[in-house]
Amino acid sequence: MTRRKTRHQPTTARLSRESLHLAKEVRSIQHRAAEHDGCIVSIGPLVFFSTDSGDAWILEPADQLATRLAVGGDPLPVHIQETETNFAIGWQGHYQIDGDTFLWEDNDSRRLNIIKGYPLKQLLDVINKAG
């Protein structure tokens, strides 16, 4: 995985308020993770997904940015800011999909996490349709 020099780099985009309510989407996908309910949602440039193992993520596929929203059904804190026309996310790391493996490199520890069992075919289908 390529190392990048950014640390919690915020991504900012301009969207109409009708097209994205970021905090609402984060809470919704965290709730799905708490219920161990797999779900994949694409909104604007972002992809949210939860798994039946209780994990949840928000991805920004263009730059392969990722923030973990839940682990084992337990929600995690996430740094987001929203205004009427902008949003910013404190990205925690970068992801890559390699075959049946989800790789995630944490910005702080530089630790590479290897995760198997995610619905990667469906996730890639959503990413490709959104892009």
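The values are calculated or read from the model by the stated rules, or taken from the named source; none is laboratory data. Keep in mind that this is a model prediction, so the values were computed, not measured. Every residue, glycine among them, receives a Cβ derived from its backbone with ideal geometry; neighbour counts consider all protein chains shown. Ligands, DNA and RNA are stripped out before the accessible areas are found, and what is left, the full protein with its side chains, is counted by its heavy atoms. Shrake-Rupley method; radii C 1.70, N 1.55, O 1.52, S 1.80 Å.
By the rule of a C-alpha distance below 18 Å, with chain neighbours fewer than 8 residues away ignored, the aspartates and glutamates paired with Lys24 are Glu35, Asp37, Asp55, Glu60, Asp74, Glu82, Glu84.
For Asp52, the residues 5 or more places off, or on other chains, whose built amide H falls under 5 Å of its own are Gly38.
If you count, for each residue, the other Cβ atoms within 10 Å and average over each peptide, how do 100-111, 33-44 line up from highest to lowest? Show your work: numbers first, answer last.
Numbers: 100-111: 14.7, 33-44: 17.0.
Sorting 100-111, 33-44 by mean packing, highest first, produces 33-44, 100-111.
Just to be sure I understand the model, the point goes 7 Å from the Cα along the line to the Cβ. What's the resulting Asp74 to Ala88 distance in nm? My value for the distance between the label points is 2.9 nm.
Computed from the C-beta positions of Leu124 and His31 and an R0 of 30 Å, the FRET efficiency is 0.80 to the nearest 0.05. Across the range 24-129, the relative contact order, built from alpha-carbon pairs under 8 Å that are at least six residues apart, equals 19 percent. Legend: residues Thr83, Thr67, sorted from most to least accessible area (1.4 Å probe; ligands, DNA and RNA excluded), read Thr83, Thr67.
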